[in-house]
Amino acid sequence: MKRMLASFMALAALVAATPSFAQTATWTIDSAHSASQFAVRHLVISTVRGQFGKTSGTVQFDGSDYKTIVAEATIDVASVDTREAGRDKHLRSADFFDAEKFPTITFKSKRAEGISGNTFLLVGDLTIRGVTKEVVLRVEATPIVKGTRGESRVGAHATGKINRQDFGVSWSRAVEAGGLVVGNDVEIVIDLELIKQQVAG
């Protein structure tokens with residue numbers, strides 16, 4: 001009896017000493033509180049900013065270890081908005097995004113690295129106009145909070161830079177100053193709010 005009790009106590013101590021691992025959950029992008037934005041130089045003198053109004057997707061995340069993140073996002077190209085209807089129409093055309101042939105921009109993460117506190121680098125594949133290139137986004141995450149209905153929410157602010165020519169967005173027109181009407185380097189700023197999905201049962 002004493003031997004059985006001792007074995008039980010040893011087992012209990014082992015279980016108590018074993019670290020518990022958080023379960024990976026699915027977090028859905030809240031489109032109403034998220035934005036995919038961009039900025040590009042115009043005529044070498046100013047910066048034009050715009051955004052895509054429709055961003056959707058999911059993130060797999062255990063809520064604590066950023067290495068567990070697996071993110072997928074889809075942007076509706078037709079939702080581009082630079083506050084100028086004629087320019088938006090041109091951006092949707094074959095000169096730029098060719099929205100009719102390539103209606104979405106997608107991002108699929110591959111790994112998270114360089115983790116320091118609540119910031120990290122998210123490496124993944126970005127696809128624009130059917131061309132896929134690896135990009136690196138610098139991400140700053142917020143603490144997890146409770147929403148008005150008791151749901152868990154978390155935010156992320158991501159930044160990066162790409163060359164539009166790498167993705168076949170190649171329309172260019174030179175100006176007398178020796179620059180381009182539209183610059184090649186595009187700054188990306190993505191602000192996401194994600195909602196943790198409840199597991200049935």
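Only the coordinates and a few stated rules stand behind these numbers; no lab work does. In this text the structure is predicted, and so the values were computed from the model without any measurement. Methodologically, a virtual Cβ is constructed for each residue, glycine included, from the backbone with ideal geometry; neighbour enumeration extends over all protein chains shown.
A crude spin-label estimate for the pair residue 106 and residue 42, with each label 7 Å from Cα along the Cβ direction, gives 3.2 nm. Between residue 115 and residue 157, the modelled label-to-label distance comes to 2.2 nm, taking each label 7 Å out from Cα in the direction of the beta carbon. Between residue 189 and residue 49, residue separation times 0.36 nm minus the direct Cα-Cα distance comes to 49.4 nm. Taking GluC sites (Glu not before Pro) across region 41-130, the ones in a DSSP loop with at most 13 further Cβ atoms lying within 10 angstrom of their Cβ are 84, 100. Cα-based values for region 20-196, radius of gyration first and Dmax second, are 17.4, 64 Å. A crude spin-label estimate for the pair residue 95 and residue 138, with each label 7 Å from Cα along the Cβ direction, gives 3.3 nm. Neighbour counts of C-beta atoms inside 10 Å place 194, 91, 121 in the sequence 121, 91, 194, starting with the fewest.
Compared with the alpha-carbon gap, the fully stretched path from residue 149 to residue 171 is longer by 3.2 nm at 0.36 nm per residue.
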